[in-house]
Each structure stands twice: as C-alpha cells, then as structure tokens.
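Before any comments, here is the structure.
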Amino acid sequence: MTISDLALALDPATVRRTVLPNGLRVLVRQDRSAPVVAIVTYVSAGYFDETDDVVGIAHVLEHMFFKGTPTRGVGEIARQTKAAGGYLNAATIYDHTSYYAVLPSSGFVQGLDVQFDAYANSLIDAGELARELEVIIQEAKRKSDNPSAVATETLYELLHDRHRIRRWRIGREPGLRALTRGAMTKFYRNFYHPGNTVLTVVGDVDPDEAMREIEARYGALPAGTPARVTGPTEEGSAGFRYREWAGDIGQAQVAFGWRTPPTLDEATPGLDILATVLAGGRASRLYRAVRERKLATSVSAYDYTPTSLGVFVVHAETPPEHAADAARAIWAQLRTLREHGVHDAELVRAKRLYESRWVRRLEDMEGQANYLAEWEALGDWRRGDEYLERALAVTPEELTALARRFLDPDQAGVVVYRPERSPALAVDPAAMRALLDAAPPALVEPASLPAMVAPAVHTGMRALEEEAGVSVFATTAGVPILVRRKPGALMHAGVFALGGARDEPAAHAGLTSLLVRTAIKGTTNRTVSQIAEEGELLGGSVGGSAGSESFGWSISVPARHVAAAVDLLSDVAQHATIPVDALETERALALADLTALRDDMYRYPLRLATGAAFAGHPYGVPATGDETTLPGLTVEQVRDWHRRRLLNAPAVIGIVGDADPAELAGLAAGAFGQLRGGAPAPLPAPHWPAGVVLRVEQREKAQTALALMFPGPARTDDARFATAMIAGVASGLGGRFFDELRDRQSLGYTVHAFASERALAGAFVSYIATSPEKEDVARRGLLAEFAKLRDEPVTARELEQAQTYAIGVHAIRQQSGGAVLGDMVDAWLFGRLPELDEFDARVRAVTAAEMRRIARTYFDESRRVEGIIRGVGATV
C-alpha cells in the first residue's frame, strides 16, 4: 500500500517556503475554501531545553507571551485578536512551544501584527510575572487532579533515569515560585529568535501580499543561534519496572511503556501503525480484548516521539476491581502480537484508519498550519508526506519485528494508579511481572475484509425546497433529507431523532444512551466486528450521540466512500438488534463512566449544578442515566425504545459533502426506508429554583471547582443572541472574567462563562477552579462581575469586539463539515433553516441595552445554583 491521492492533500506546488536572511523559515499556503487564515509561530524550545534550576520556565514564558509589549498593555494581545474576529492560544511541550491565531482572512494583517509584537517584544514585567506564576501554580494543581495525566507522566519518570522527560514537566510549586524575571528574560532572548522559529500562514490570503507583510515585520529581527544545554541521555536498557500508588480517584489507571527511537528514526512510522493495530478503533485488538470484555472503559496505544526520543504507551482506564484482569489481558495481547505477528486484514484496516486520520487533521487552516510548522521544524515540511508513505508501506513482517524489538517484556515500565479503597495489585516489580506472565493466552479474533455493497439510489424521493444553501428532500415516508454541498475531501452523514432523554420516564433514565451505545454492536445484517471493520476500512466509524433533546448516529469518511458509509449508517440506525451481551457490556461501562466522571473537575461540578437547576425535570437528569436507573433497564425496553423513538419518531437525515445534492439524497432515500417519521411528545417547561441552591462534594483534590449557574433564554428565544454576546464580553482571553479573576487576582487558571440553550429553557454558566482557601474570594469575584453586567451597559468597544468575535468564530467553525452538519440539523430540529444565513445579522442587531436587560432579568444572585467539588489543597 502506498500513499494515496487523498493523503497528498497539501500539494507541494501550493506551499511557498522562504528563508529570510535572519534565518526565519516562513511557509505560506493559499487555501480559498473558507474566508479564514491561521498563523502559527513555532519556537523550537520546550521542557527539554530547561536546566534543572528552571524547570517549567518554557511554559511560564508561553504565558508571558500574552502579558504585554511596549505598545500593547496586559490583555490587549487577546483583545485585539478578538476584535479582529479571531482567537489565539498556545501550547508548550517537551521539544517546542507553539503560538497560534485563527482569524477571518480580513483580519490577517491585524492578527499578524499582534503575533509579531508578542513574539519580538514581550516585556516580561516582574509584577505580571508574579501574578501569572500564581495562575500557573493553579494550572499545576489542576493537572495533579487529573488521574490520566498523573499516570502518564509518572510512567515517563519510571522509564527514564536521567533524561529530562522524567521530570514533572509543568514544574513544581517551589521551583515555579523561585523563577525570576532575569531567568525568564535570559531564556526568552536565547531561544526566541528567527533562526529557532518557523512561521506558517495558511488560508484565504494572497501569498505575495502575505510575504510582504511578514518581511516588513520579521525581516529586521536580528539573527542568532540558541545556546542549548542538552540534558543527559539514556543509555543501556531500562529493565522491567513497576510503580503503584493510590489516591482519591474513582477509576484505576493502568499504563505500560517502553523506550522507543525519535521521530525521524526509520522505525517510528511502523510503530505508529503498530499502535493503530493494537488500539486504533473498535476493531482493534485491545478494544475487543479489554473494552468489549468490560475490563476497561477506555484503552489507547500510541508512540509519542518529541523529536529526540520516543515512548510507546498502552493506557487503560479501568474499574478497580478489573484492573488486574485488564493488565493481564493487555499483556497477553502484546505477547501474542510478538509471537504470532499481524494479520494482513487488520494491517489494511489500520492503514486505512491511519491515513484517514492524517488527512482529517488537514480539514481546516489551523490543522494545516500546525502540520507545516511541525514538519518544517524537523527539517523540511515535505517529510510529513515521506513519513506517511513509509507508514503505509510497512509490512506485517516488519510490524512483527518492531514489536519484538521494542515491546520487549523485559524492558517494560508499568504503573498502576488506583482508588484508595481498592486492594493493591502487586507489592513489587517481581510480583507484578509474575501476575502479568500468568495471563492466559490471548484470544485474537480473526480479522477480515468484509465485502461492502453500496445501497441503491432511490429515485422516488421528493425534492422539497432549498433554503440557506440546504437542499431539502424527503423519503417516500416523508422523512426529511438535508444536503449541503461543501468542498473538501471528507463526507459527513448523520441521522438524528428529536426526543430521547427528554421523553424517558424518570425511573428509566439512560434508555436512549444505552440504545445509542448498543446499536453499533450488531444489526440483522452485520455483526459487531463487521460494523467496526467496515467503518474503519472506510476511514471512519459510526459514532453515536445522546443529548437531552435529540440523539442519533453519524459517520465521517473520505468522499469516495460515501455510498458505503451511508449504507453502514442506515443499517446501524434502522436494524439494530440490541444483543443482550452487548447491552450488559455497555451498561457496565456506562456505570464505570459515571464513576470516572467524578474525577473530572470540570464536567462533574457542571453536572451537579445542572441537576439542581432543573430538579424534577428531564433536563436535570443526565442523559447517561445514573447508578439508580441504569441497572434496571432491560433489553426489551431498549428495543421497544428504538422502535418507538427512532423508527416511528420525528427524524432527519443530513449529509454534507462535495457531490451533487440530489445524488446524495438519493443514496439516503434508498437506504433509510425503515424510518416512518412521527410527532414529538409534549414536554412542559422546567421551573428554575426560587432561592440559592448548592450541591457540594468534598474530595482529596488540590483545587476546588465551582460551577455557578443562572437561568437563561431558551433556544427558541431571540434573546439568546444577546446572552451569547454577554458570554463573549465575559469569557475567554481578553474577557472581563478572565482579566479580573485570572490576570489581576490570579485566582485560577481555568475561568469560563458560556450560555447553554435547550428548546424550553436555558442557563448561563460560569466556572472557576481555584485553591480551596480562595473559594469564597472566587465566588465573590464571579458575583461582582455579574453585578457589573446588571448595573451598567457594556461599552461600545466591548460590544463591537464580542460581535466581531462571534461572527469570526462562526465563520472559522464552518471549515468543519461535521460542524456544518450539526448546525444544519440543529436548525431543522429546533428552529428554522433560514437561521443559517441570519447569524451575522442577528449578532449585529444586539444592543448594549438589550444585554443589560438580559443581565438584570436573569442574573439574580438570590436564584443562583452552584455545583462545587471542594478540595483539600494538596501541594504540587
């Protein structure tokens, strides 16, 4: 198998590469598919470049990038980017720090000017540094409350004795507090210069004009070469290593790791494919052997290569009572892989999936710009295509050799992070090795290449109308088919029904969620293996979603596979058999997911607040169901729910892709003949609590997470646009809440505000995670900001910025075919298709007076609801 036309999505002729005299490498690619531009500044300096006395400094400098220049004050870098209709952010990792801005193409010059100024002229003010270090310490605490992150970095530490990858990369509190402005400036001046930087621009820009703007700014920067103090390397063999510890977590984390070579080593592409064989998709070995046997709620495998070295990781999140069996099952699969190799069919599946994921990343400008920057930093951006070609050419024999060479059981590192209440798995490495080696031989289901038959095109469908760029058709039963043409290499299709969780009896909560999960586990025409294998051979998979008011299934594949994908999607949706064993598996995993949710310091307090705000109404019941309702659901109930709430309920089929709408609709009409349509069940509106309601849980966590919620307009209320503008003024980089609570008061790293809308009611949510001793200060700070919104209108500048930002982000979002599909279906089910063309005008029509009226109507402190996970303030 060699690289396909699909994978060559970035034609070399479309990429202009220029090296300025000062050494800055610039890549510009024109892409007219959307009025969007992405700017990426990629600096080859990260955690590996930090000496032991300044651990975490690269990440701190990333934060200071946004803290002002001689001509732009604190917050102005973010505010000016938002004012141009875009967003910006950054990320630091072991081998680099990357800054990116995504804007409407009309804002390119302004966005570039902001990015250049921050790159070349950061002030690193001592007072701002002190304040930002408090924020970063909150970020470190947040990370320490994330079980998966803790397990992963502990594995890296276990595997390495000397290399800098073994350090807690974000830094520890004492070391962070010791960082000085002098150390920051030294690191900045050493690494942030053109010869150590790649600048990429991708989007709807003229390459000649873009280069003129870039040269006018960056061309005068002085050249230089960074002085690197490389850390120690790892020689010799690791030997088998094991570490186990316990904490206040709900699910166990089990992770295996091996040292592997760096990115550009000839073995690395094959190791990527090997990881995909093991855990890429539902047809993979570990998914079937571990997740499908209820031993783990999730399992993944990957070869992580931050330039100079690699780590091959297999990571499972598992109910603690199954942790030992999950570890043994993974070990047995690895042993079988080494001893017996890879089947031809599973290698074909892995390559198709890998190739499709590679190209999926290039669907938008931001993905393309990051792709170009990453590979150019490795020497030449065209190495990306060479890497992919090597990956797709690997043979089963080569994969077997790689497994034997790199996944040696004698060189493995194993970590287990388990709940405090659960018993230990092993007391030392010898005991753990004995436990693993005692695993029975793995059962490997034979892989196959199923024959896929495309559905017939149905010529009896009805063409109804075209609105807002959407062609509307209907099946002979009257089920609407919505088709929107969008250029691109991918096709997106979905079938969705209005209803589901909103219609469930309280005692049967979770019916829809179980239906969605179980439908992909077998139909009258396909086994669970065939569903998984077919989807992944097409370059995608059928995925389900179950919200509070709608549910359904969707698939995204390369456009050439549209017919087969529609056939597979229709089979899952219409002919699901709901096998008993599959239902039991999904029920067990759903219950385990609920346990894991309690470790999520963002989602869980939001769930607590939502349950309190809509108590007694379906909106207040998790669509997943809970520990009380899930155990009582029967297979007969789920099958009956499928018949009544999908086959004979209000449903809609949607397709987004680059093909003739009538042809796409004909495929859907021919495939979805079992859907009969129907009317939605009535549902009363919920009632918001009359007083303050708190839902609090105490945990052994480093932070306290607070979700503070007010009522808000419903999806059908035009006031929702004004509420969205309030969120734009309040939240995000450059927003009021961010500026006051994060930048000025250093209360937390994560500060959010957003509007949530449902058909009959809405909510306005704010969130902050802070040190436990600062909970009251954080709450007062949030309430003070809400009071400002009530007491006086936002400024004309704030309103204009929020409007431009909302319109810009909406345009940026339209790059994704999946987002286009979601917006189209949402408008059909809960509004009107013309909304798709009205967004900009509705946003521009919002006034400051209307926003204040909304704030005074809804932001009543005496009717607020809070969900709180109260930590104890563990140190980091």
*Step through the residues of segment 506-523 one at a time and calculate ³J(HN,Hα) from phi using the Karplus curve (6.51 cos²θ - 1.76 cosθ + 1.60, θ = phi - 60°), rounding each to whole Hz and writing x for Gly and Pro.*
3, 6, 10, 4, x, 4, 5, 4, 5, 4, 4, 5, 8, 4, 7, 9, x, 10
*Tell me, what HN-Hα J-couplings in whole Hz come from the Karplus equation 6.51 cos²θ - 1.76 cosθ + 1.60 at θ = phi - 60° for each residue of segment 583-589, using x for Gly and Pro?*
4, 5, 5, 5, 5, 4, 6
*For segment 1-157, with every protein chain kept in place, what is the accessible area per residue (1.4 Å probe, Å²)?*
31
*Kirkwood-Stokes translational diffusion coefficient of segment 450-561, alpha-carbon pairs, 4 °C, 1.567 mPa s, µm²/s*: 80
_Going by amide H atoms built from the backbone, whose H comes under 5 Å of the H on residue 541, apart from near neighbours?_
556
*Among the GluC sites (Glu not before Pro) in segment 214-280, which ones are in a DSSP loop with at most 12 other Cβ atoms within 10 Å of the Cβ? Mind listing them?*
235, 266
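Percentage of Cα-Cα pair distances in segment 1-112 greater than 19 Å, rounded to whole percent?
Numbers: 3788 of 6216 pairs.
Roughly 61 percent, rounded to a whole number.
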*Got a sec? Charge dipole of the chain, +1 on Cβ for Lys and Arg, -1 for Asp and Glu; which of 816, 319, 195 is way out at the positive end?*
319
*Match the structure shown to one of the listed values [x] 38, 36, 31; [y] 62, 34, 24; [z] 69, 32, 25 of semi-axes √(5λ) of the Cα gyration tensor in Å, computed from it, and give that label.*
[x]
_Dimensions in Å of segment 300-344 - Rg and Dmax from alpha carbons_ = 13.3, 38
*Give the dimensionless ratio obtained when the Cα radius of gyration of segment 134-216 is divided by 2.2 N^0.38 Å.*
1.62
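When only Cα pairs under 8 Å and 6 or more residues apart are kept, what is the percent relative contact order across segment 1-119?
26
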*With a 1.4 Å probe and every protein chain left in place, tell me how much accessible area residue 555 has, in Å² to the nearest 10.*
10
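Could you grab the relative contact order for the chain? Cα pairs under 8 Å, six or more apart, rounded to a whole percent. Walk me through the numbers on the way to the answer.
Values: 1903 pairs, mean separation 132.6, N = 876.
Computed over the chain, the figure is 15 percent.
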*Quick one: Karplus J couplings for segment 835-846, per residue in order, coefficients 6.51, -1.76, 1.60, θ = phi - 60°, nearest Hz, x for Gly and Pro?*
3, 4, 9, 9, 4, 4, 5, 5, 5, 5, 7, 5
*Can you list residues whose amide H is under 5 Å from residue 94's amide H, if they're 5+ apart or on another chain and H is modeled 1.01 Å from N?*
47
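Starting from the Cα gyration tensor of segment 490-556, take the square roots of the eigenvalues, sort them a ≥ b ≥ c, and report rounded, prolate or oblate (rounded when a/c is under 1.5, otherwise prolate if a/b is larger than b/c, else oblate).
Details: a/c = 3.33, a/b = 1.71, b/c = 1.94.
Verdict is oblate for segment 490-556.
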*What is the set of long-range amide H partners of residue 246 at a cut-off below 5 Å, with H atoms built 1.01 Å from backbone N?*
418
*Starting from the residue with the highest accessible area, list 428, 53 in decreasing order, probe 1.4 Å.*
53, 428
*segment 707-779-segment 98-153 distance, computed between alpha-carbon centres (Å)*: 20
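Which length gain, in nm to one decimal place, applies between residue 810 and residue 679 when the Cα-Cα distance is subtracted from 0.36 nm times their residue separation?
Details: separation 131, 0.36 × 131 = 47.16 nm, distance 3.12 nm.
The span from residue 810 to residue 679 would gain 44.0 nm if fully extended.
Ignoring ligands, DNA and RNA, what percent of the accessible area of segment 640-772 is carbon or sulfur (1.4 Å)? Please list the in-between numbers first.
Details: 2160 of 4370 Å².
Reported share for carbon and sulfur atoms: 50 percent.
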_Solvent-accessible area of residue 184 with every protein chain in place, 1.4 Å probe, in Å² to the nearest 10_ = 0
_Relative contact order for segment 648-756: what percent, with Cα pairs under 8 Å and sequence separation of 6 or more?_
17
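The values are calculated or read from the model by the stated rules, or taken from the named source; none is laboratory data. These figures come from a predicted structure and were not determined experimentally. Because the Cβ atoms are built from the backbone with ideal geometry, glycine has one as well, and the counts that use them run over all protein chains shown. Accessible surface areas use protein heavy atoms only, side chains included; no ligands, DNA or RNA. Shrake-Rupley method; radii C 1.70, N 1.55, O 1.52, S 1.80 Å.
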